[in-house]
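What follows is a set of notes on a single structure, which appears directly below.
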Amino acid sequence: MHKIDVVVKNETGLHARPATIFITEASKYKSDITVEKDGKEYSGKSIISILSMGAVKGDKLTLSISGEDEKKAATELEGLFIDGLTE
């Protein structure tokens, strides 16, 4: 299992477009992906779950990735947050 701490950098937080970018990338992998915010876990492959999290700029999230392609998924998903979840 890989756990990665990330910070939401984009001005608008994880609203529809950045959340869609995240979900699209997360869905490419077979690994289970969860996102934790304030002690609550959300499915990393569900747009409804990610939007319901209400993550805003500056929020710290923990990505937990477990499965056969967890290393690649961790690297790519962390990169999205480093780049500010832009297209």
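Taken together, the values in this text are just the output of simple stated rules run on the coordinates, not laboratory data. Quick caveat: nothing in here was measured; it's all calculated off a predicted structure. Glycine gets a Cβ as well: all are built from the backbone with ideal geometry, and neighbour counts include every protein chain shown.
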Quickly work out the Ser27-to-Asp5 label distance, labels modelled 7 Å from Cα along the C-beta direction, and quote it in nm with one decimal. 3.1
Of the residues Val8, Thr75, Leu63, the Cα lying farthest along the dipole of the chain towards its positive end, which is defined by charges on the beta carbon of Lys, Arg, Asp and Glu, belongs to Val8
Helix-only estimate, please: 222 nm mean residue ellipticity of the chain, summing -39500 (n - 2.57) across DSSP H runs of length 4 or more and dividing by its residues, to the nearest 500. -10500 deg cm²/dmol
Label points 7 Å out from Cα along the Cβ direction at Thr20 and Glu41: separation in nm? 2.9
Students often get this wrong, so check it: of Lys9/Lys60; Lys3/Lys60; Lys3/Lys72; Lys9/Lys71, which have C-alpha atoms separated by over 20 Å? Lys9/Lys71
Can you tell me the dipole magnitude for the chain around its Cα centre, using point charges on the Cβ only (Lys, Arg +1; Asp, Glu -1), in Debye to the nearest 20? 120
How big is the Cα convex hull of the chain in projection, averaged over all directions, in nm²? 4.6
